[in-house]
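Notes follow the structure.
Computed from the coordinates by the stated procedures, all read-outs in this text should not be read as laboratory data. Note that the structure is predicted; figures quoted are calculated from it, not measured. Cβ: placed from backbone, ideal geometry, glycine included. Neighbour counts: every protein chain shown.
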Amino acid sequence: MNRRLSPIQGVLVAVLGLGGLLIVLPFLWMVFTAFKTPDDAYAWPPTLLPKVWIAGNFKKLFELIPFGQMFWNSLWTSAVIASFNILLGAPAAYAFARLRFPGKSLWFNSHLLSMVVPWQITLIPTFLLVRWFGWVDSFAALIVPSLTSGYAVFMLYQFFRSLPRSLEESVLMDGGSWGTALRYIALPLSSGAVAAVWMLSFLGNWSSFVWPSIVLNSPEKMVLPVGLLALQNHFAINVPVLMAGSALAVLPTIVAYLFVQRYLTDAALSSGMKG
Amino acid sequence: MKKLVTLLLAATLGLAAAQTTLTYATWDATREKADRKLIAAFEAANPGIKVKYNLVPWDTYWQKASAMVAGGVTFDVMWMDLDNFPFYASQGALEPIPLDAAEKAKYPAQSLAPYLIGDGSQTYGLPLGPQAVCVFINRALFKERGVPIPTTGWTWDQMLSAAQKLTFSKGGKRYWGINGSDLQPDLEYGMSFYYTFGGKGIIQKTANGYTPNLEATFRQTAQRLYDLIYKYKVSPTANDTPQAAYQLFQAGQLGIYVEGTWMTGVWAETPGLDWAFAPFPTLKAGEPPRPLYSAHALVIPKASKQKSAALTFARWITTSPQAGKILAENGLLPTQPDPYEKLFLNALKGRNGEVIFQQLKTSEIRFSNLRTVSNLPEVLNALNADLNLAWTGNLPLDKAIDKANTDMGALLKESKELKY
């Protein structure tokens, strides 16, 4: 096998390498800043590596906010919401993709509408609803309004529509129900799409800020994005401590990505559409 | 046995009934430690009341406050600033606070006045300690450059000369004299110079309403502050560095930093920083400086379910000697600072904190007399946007002030007297 690159390939590798470096650099900056003293972090012109490596910012992070508790709160609520988005979104999307029923177009468009209405418009009505249920400052307030997602329904609908009907028809002809077809044919073939939607939903909730900051008050129930912002006061931010928190906060997203990476990259292969 | 269980149950229920839990919200993370000490001391002094501390970052504090007020579920005691107070007071979202003459006397009249409504008989906020605009210096840089440490009677010309000497390059790093980019005269830092140089207020009341008052003192002050950046080049611009001025000060690359007393907690993060307060500069030695201070207050939202306990807590924090002592020991100014001067100075030993007490005697609260101008935020936004054109080098200063005069005038014509 000839391992030599052609000049064009060499240029491409160089360009892609540079692009990759540009993407990785902010992450490296975040990690290195987490080990700097404030005067080192704020010096201008800046340096990438710390003059003196210190781990004190991580200690201070845990002193300033209940980081562990906030991390856990973000983790499990995001996982629950993402999972419910799939659990409730997949049957709805499948029904929209395959069934005919009265008002189908109205129902489907209402899902699309939920994607285009700015969240600022629904903020206070949703808050009033949550308050009416007596859920303010509870995890129910955080989770329940996000259990369903118009976005998840739309994404899965698009994918289910692209599946060949013949596979499901064979299940139906053998006496199976639409539910069986969804469970044993559509969902397994859509593992890439399901993984992508789960991942996007998880990331969206992991970084969710405004809604938790409004409905949650107690520090023991607070989620990470709001907690990290509490590290800054009105006039100043302790950047090295914030970077320490941010560096730890990206870990679950990297781990989650590693878990679903296979499904994402194999999506086309597992859809049953390969030539 | 039955009797014992009944007694225990009754005792438990009785305790539960006697226990009130308050929610207290602030945006100021710099005083979190002090706030937690205050709460512990208050709970010890008031065994029937528990206080739950809520630190809400400034950016979301007002979003959360408006949603909570609209939803009828609020914190029981909240921090309030004077820019947002008119909105909440005029919406009827705040509970009037009963204060008789003796209780009113416990508060500095100047700080309490903006929170008095109508004829002054109704109080809607209990002022916290003053948060004063002040001057910090990096003593190590002053010594290194052979600049005398400022003493009482420091003048503008001396400050400018110091800033020029403190602007230099060494070892591949640039050092700057002063944070001129933060000193736009519509903001409290720049406006502190305007008042100190004889300004009477940028909006004046006339028989027909309000008009802008960007007169000679305003223009001269703006020019002096502007020249720090564009004529003398002793201040960094956004093109020089993306770092905020407080970060440069912490990095030891800024000699004079005009900000507020609340930054002392931030300086504690950099133990090697040799900082001190400096007297606020005046045009002539011996003139009293008139820098601004913020008078935030504790308010009790109308929707609070624990109004009585909330009032007890708000009063205790703002007037009790115990609270004053705790705040001063943590380097913070209590509502009535003077009795706690020694404790405050001791907490910030060697930082020349005496100048803060000196300047407070002649300090002003920004726009405290304009709180009933219905569109004050829009008017101030217009002024800010226009002056920002000059400060960022996009419009000559005189033209920016002319534009501000026109824009403010048009908006003030539409303003109405805000009714509470």
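Some observations on this one:
- Mean separation of Cα contacts under 8 Å, 6 or more apart, over the residue count of chain B: relative contact order %: 24 percent
- Per-residue ellipticity at 222 nm computed for chain B from its helices equals -12500 deg cm²/dmol, with DSSP H segments shorter than 4 residues left out and the rest contributing -39,500 (n - 2.57).
- Distant-in-sequence amide H partners of B:GLN204 (H built 1.01 Å from N, under 5 Å): B:THR211, B:ASN213
- This ranking places A:ARG183, B:ARG366, A:ARG161 by how few other beta-carbon atoms lie within 10 Å of each, fewest first, which gives A:ARG161, A:ARG183, B:ARG366.
- Think of each Lys and Arg Cβ as +1 and each Asp and Glu Cβ as -1; about the Cα centre, that makes the dipole of the stretch A:57-270 roughly 200 debye.
- Rounded Å value of the spacing that divides the Cα centres of the stretch B:71-119 and the stretch A:1-76: 47 Å
- Gaussian network model of chain A, Cα within-10 Å springs - most flexible of A:VAL171, A:VAL52, A:VAL13: A:VAL13
- Loop-resident chymotrypsin sites (Phe, Trp or Tyr not before Pro) (DSSP state other than H, G, I, E or B) in the stretch A:100-149 with no more than 14 further Cβ atoms inside 10 Å of their Cβ: A:PHE133.
- Cross-link partners of B:LYS205 among aspartates and glutamates, defined as those whose alpha carbon lies under 16 angstrom from its own and excluding same-chain residues fewer than eight positions apart: B:GLU215, B:GLU414, B:GLU417.
- Listed residue pairs exceeding 24 Å between alpha carbons, taken from B:LYS106/B:LYS325; B:LYS307/B:LYS361; A:LYS59/B:LYS325; B:LYS200/B:LYS416; A:LYS51/B:LYS170; B:LYS200/B:LYS349: B:LYS307/B:LYS361; A:LYS59/B:LYS325; B:LYS200/B:LYS349
- Residue exposure proxy: A:VAL15, A:VAL80, ordered by other Cβ atoms within 10 angstrom of their Cβ from fewest to most, comes out as A:VAL15, A:VAL80.
- Burial ordering of B:ASP182, B:ASP398, B:ASP274, fewest other beta-carbon atoms within 10 Å first: B:ASP398, B:ASP274, B:ASP182
- Rel. contact order, % - alpha carbon contacts under 8 angstrom, at least six apart, the stretch A:57-270: 36 percent
- Scaling against 2.2 N^0.38 Å puts the C-alpha radius of gyration of the stretch A:57-270 at 1.19.
- A straight Cα-to-Cα reach below 20 Å connects A:LYS221 with the lysines B:LYS50, B:LYS52, B:LYS64, residues fewer than 8 places away in its own chain not being considered.
- Averaging Cα coordinates gives a centre for the stretch A:130-166 and one for the stretch B:213-257; these two points are 50 Å apart.
- Rg and Dmax of the protein assembly as shown, Cα atoms only, in Å: 30.0, 99
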